[in-house]
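Here the structure is laid out as structure tokens; the discussion comes afterwards.
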Amino acid sequence: MINHNNAKINDIPSDDLKKKIRKKLIALRDGMDISKKSEKELNIINKAENIIKNILDKNSYNKNIDNKNTGNDTIYQNNVINDFSGKKYIRNLYIFAYRAKGNEVDLIQLIKKLWNKEIFSESGYTDIQLAFPKIENKKMEFYTAASEDDFAPGHFGILEPVIQNDNVHKIDFKALAADKNNTVIVLVPGVGFSKNGHRMGYGAGYYDKYFEGACDFNNVVLVGIAFDFQIYDIPYDSYDIIMEYMATNQV
Ligand SMILES: Nc1nc2c(c(=O)[nH]1)N(C=O)[C@@H](CNc1ccc(C(=O)N[C@@H](CCC(=O)O)C(=O)O)cc1)CN2
Ligand SMILES: Nc1ncnc2c1ncn2[C@@H]1O[C@H](COP(=O)(O)OP(=O)(O)OP(=O)(O)O)[C@@H](O)[C@H]1O
């Protein structure tokens, strides 16, 4: 006989469980010790720089698709799961970043270094563009931005590129990714990540929708950005995007 009561207890819909965990993780983030925040961020930025270097050095744009993270490997402990191979024929590097909301990991020190061309200029890339999310008609788009002057507060109080500015151009992601001359490294914010690289956001599905199918592109690499306490046993759905790398302050 089927025990319906038991089935109910054991079969919490993933949506409800996700909501519960999302709330818990946002509370953890809001309650973090602010005096330690910038030190942790420096640590995470160092990790992110090393991951980007690793991607560039190992020419990930030509990597074998079999090496993509399928969501079954533990990636946050050592940051690197893939071995890359291939020959160098890269031209343009696009880094998709984000402007921090609330107590998210703030990447501004890394963003400034990239704008000032203080890093990766020797890597053989002729151009490095930074792009940032902007919510338009309930959809997320990415726009280039070249300095702090290119931003104004937008949806949810997050700084967004100002469309009228000369350096601000809308990204055609599918076209960008389809051109093998481009490498796209996406620094992905999150409320939480599983130890296998699954992402939980604010629940609107913006990143899932924008980067749906991105894993089919060899030259697009998703890098999750998180404080160590945001690595958590979260339930995930088939449409949740999977990170290939995680930059956390975990040693
Ligand atoms: N820094 C950053 N920028 C980003 C994202 C992100 O996660 N982080 N996004 C990723 O998708 C998009 C914005 N997505 C969002 C989706 C929903 C809510 C939202 O519902 N906010 C509520 C309550 C959130 C809370 O409890 O803190 C609010 O602001 O009132 C915010 C942002 C694009 N830009
Ligand atoms: N690729 C997709 N196409 C259509 N709908 C999707 C897609 N991915 C997610 N969704 C829908 O978006 C909703 C929110 O998904 P989820 O809870 O995973 O968001 P999230 O990743 O936490 O949010 P965000 O990306 O905005 O930070 C779900 O109800 C889901 O059905």
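Coordinate-derived values only; no laboratory data. Keep in mind that this is a model prediction, so the values were computed, not measured. Positions of Cβ are generated from backbone atoms using ideal geometry, with glycine treated the same way; all protein chains shown enter the neighbour counts.
Given the Cα atoms of the stretch 110-191, and with Rh set as the inverse mean 1/r over their pairs in the Kirkwood sense, what is Rg to Rh to two decimals? Rg/Rh: 0.96. Here the spin labels are modelled as points 7 Å beyond Cα on the Cα-Cβ line, and at Asn167 and Asp208 they lie 3.4 nm apart. Computed packing ranks the peptides 237-246, 207-216, 147-156 as 237-246, 207-216, 147-156, most packed first, by mean other Cβ atoms within 10 Å. Near Pro133: Cβ cut-off under 9 Å, other residues only, Lys/Arg at +1 and Asp/Glu at -1. The net charge is 0. Report note on the peptides 165-178, 43-56: ranked by the mean count of other C-beta atoms within 10 Å, highest first, their order is 43-56, 165-178. Where a Cα-Cα gap under 17 Å defines reach, which aspartates and glutamates qualify for Lys19, not counting those fewer than 8 residues away within the same chain? Here the aspartates and glutamates satisfying the reach criterion relative to Lys19 are Asp11, Asp30, Asp208, Asp233, Asp237, Asp240.
Convert 20 °C to kelvin, take the viscosity as 1.002 mPa s, use the Kirkwood radius over C-alpha pairs of the stretch 143-222 as Rh, and evaluate the Stokes-Einstein diffusion coefficient in µm²/s, rounded to a whole number.
Details: Rh = 14.5 Å.
In µm²/s, the coefficient rounds to 148.
With respect to the cross-link table entries Lys24/Lys47; Lys47/Lys101; Lys117/Lys174; Lys47/Lys113; Lys40/Lys139, which display a Cα-Cα separation exceeding 23 Å? Beyond 23 Å between Cα atoms: Lys24/Lys47; Lys117/Lys174; Lys40/Lys139.
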